[in-house]
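First the structure, in the form of structure tokens, and then the observations on it.
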Amino acid sequence: MKRQRILVTGGAGFLGSHLCARLLEEGNEVVCVDNYFTGSKSNILNLLDNPLFEIIRHDVTFPLYVEVDSIYNLACPASPVHYQHDPVQTTKTSVHGAINMLGLAKRINARILQASTSEIYGDPQIHPQSEDYCGHVNPIGVRACYDEGKRCAETLFFDYHRQHDLIIKVARIFNTYGPNMVPHDGRVVSNFIVQALRNQNITVYGDGSQTRSFCYVDDLVDGLIKLMNSDDDFIGPVNLGNPSEFSILDLAQKVIHLCGSKSRIEYKPLPMDDPKQRCPDISLAMNHLKWKPTVSLEDGLTKTVAYFQNIAL
Ligand code: NAD
Ligand code: UDP
């Protein structure tokens, strides 16, 4: 394939750093934009020697002018602890960030992919969630800055498509995990692994019966690239995630086992608006993108545990 010049916003974050690495491996030029709110240079240290890689410190809530062929818009904190830390900034990042990146895409005629989220389904009342489900979101709750911000970003993407003929791609990403997660970002996989490696109590919120479906990062990056490279008229939204569903208690037990840990389970209050059940219906991605995850939770967790063992905790 012809070499592309590709912008990745949020490129120093967990998903962004893996995406930048993969796009470079495929021979592309990559421009990584990040304000390092939750990302870090250490995630992209291994890419800095590559002459096809460029980084720009920039906040996407301000306009940006670069010349690229395509844009992956990932800039936004994803962990509930991080996005609730400065909720106004979270909404601005989602909404103003989308407006700025869509404006850029329109000006330079680039295709643009939005990293949307399963959170747009809120606390879902249908199960598993398919793309035609409009969701069940509390617009004034503590998660709303993220959920409603991402919903508004999807609206903007579809309006730019209808109004300006922009080629858009909207991926609804379900819980993804792997190396380069921040040890203290509060997400369940990183929390449990760090706690287990330190033989500290594993903090299960609520009774642990709530479910999530965990996708290993390599699978997710495959899905994002397949979506970006799909036919112009396949714009999504499309669910990307692993449909194997586990309760949070199952996850805690698996992590304790894989780490050979002496940790015990400690129950803590369930946070407000915490979704009870989440599992993607990925038929659309399977049919249109010929994509489905290949890494089991056990294999993915083993790689993630090895990563956390190697960084100074
Ligand atoms: P992350 O927090 O590790 O990465 C986000 C990156 O965006 C960080 O590098 C951060 O510094 C950067 N950023 C934040 N605000 C910015 C701003 N205003 N300007 C420029 N950069 C900014 O999170 P992640 O897990 O890598 O998530 C990446 C994207 O994927 C997010 O948009 C998130 O909503 C989406 N997503 C992730 C998951 C998941 O499970 N990881 C699930 C659903 C959706
Ligand atoms: N969770 C937990 N203990 C933790 C962190 C999270 O029990 O230390 C639960 C959380 O309440 C939620 C699930 O794990 O039900 C996933 O949380 P996470 O923050 O990773 O992502 P979410 O899918 O809620 O955005």
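Numbers at a glance
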item: Cβ-based net charge around residue 60, under 10 Å, with every Lys or Arg adding one and every Asp or Glu removing one; result: -1
item: Peptide ranges 230-242, 252-264, 48-60 listed from the most packed, as the mean C-beta count within 10 angstrom indicates; result: 230-242, 252-264, 48-60
item: Phi to ³J(HN,Hα) by Karplus 6.51 cos²θ - 1.76 cosθ + 1.60 over region 144-157, Hz, x for Gly, Pro; result: 5, 4, 7, 4, 6, x, 5, 5, 5, 4, 4, 4, 4, 4
item: Choice from 42, 247, 79 showing the highest fluctuation, given a GNM over the chain with Cα pairs closer than 10 Å; result: 42
item: Summed residue charge, Cβ within 11 Å of residue 18's Cβ, Lys/Arg positive, Asp/Glu negative; result: -3
item: Nonlocal amide H pairs with residue 240, under 5 Å, H built at 1.01 Å; result: 172, 173, 174
item: Order of exposure, largest accessible area first, which applies to 295, 30 with probe 1.4 Å; result: 295, 30
item: Amide H contacts under 5 Å for residue 70, placed H, 5+ residues apart; result: 5, 7
item: 5 angstrom amide H check on residue 129, placed H, neighbours 5+ away; result: 279, 281
item: Over region 57-198, relative contact order from alpha-carbon pairs under 8 Å, at least 6 apart, %; result: 28
item: Residue with peak Gaussian network fluctuation, the chain [Cα springs, cutoff 10 Å], from 141, 186, 300; result: 141
item: The chain, relative contact order [Cα under 8 Å, separation at least 6], %; result: 17
item: Rounded to the nearest 20 debye, dipole of the chain from Cβ charges on Lys, Arg, Asp, Glu; result: 440
item: Cβ-derived FRET efficiency at R0 30 Å, residue 299 paired with residue 49, nearest 0.05; result: 0.50
item: Beta bridges per DSSP with both ends in the chain, % antiparallel, nearest 5; result: 10
item: Relative contact order computed over region 90-172 (Cα-Cα under 8 Å; 6+ residues apart), in percent; result: 45
item: Where Cα atoms sit under 18 Å apart: lysine pairs in the chain separated by 8 or more or lying on different chains; result: 12
item: Selection from 234, 145, 134, by position along the positive dipole direction of the chain (Cβ); result: 145
item: Net charge contributed by nearby residues that have their C-beta within less than 10 Å of residue 248 (K/R +1, D/E -1); result: -2
item: Within region 269-303, backbone nitrogen closer than 17 Å to the virtual label 7 Å beyond the Cα of residue 132 toward Cβ; result: 281-288
item: Residue-level accessible surface for residue 184, protein heavy atoms, 1.4 Å, Å²; result: 120
item: 3J(HN,Hα) from dihedral phi, region 124-140, Karplus parametrisation 6.51/-1.76/1.60, rounded to Hz, x for glycine, proline; result: x, 9, 10, 8, x, 8, 10, 5, 7, 6, 8, x, 9, 10, 7, x, 10
item: For region 77-94, Karplus couplings with θ = phi - 60° (6.51, -1.76, 1.60), whole Hz, Gly/Pro x; result: x, 10, 7, x, 4, 5, 6, 8, 5, 9, x, 5, 5, 4, 5, 4, 4, 5
item: Sites residue 109 and residue 36, calculated FRET efficiency, Cβ-Cβ separation with R0 45 Å, nearest 0.05; result: 0.95
item: Choice from 154, 245, 119 with maximal GNM fluctuation in the chain (Cα, 10 Å cutoff); result: 245
item: Signed unit charges on C-beta, dipole axis of the chain, positive-most listed residue 183, 72, 155; result: 183
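The values are calculated or read from the model by the stated rules, or taken from the named source; none is laboratory data. Here the structure is a predicted model, which is why all the values come from computation and not from measurement. In this analysis, Cβ positions are derived from the backbone assuming ideal geometry, glycine residues included, and neighbour counts consider all displayed protein chains. For the accessible areas, the whole protein counts, side chains as well, though only heavy atoms, and no ligand, DNA or RNA atoms are used. Shrake-Rupley method; radii C 1.70, N 1.55, O 1.52, S 1.80 Å.
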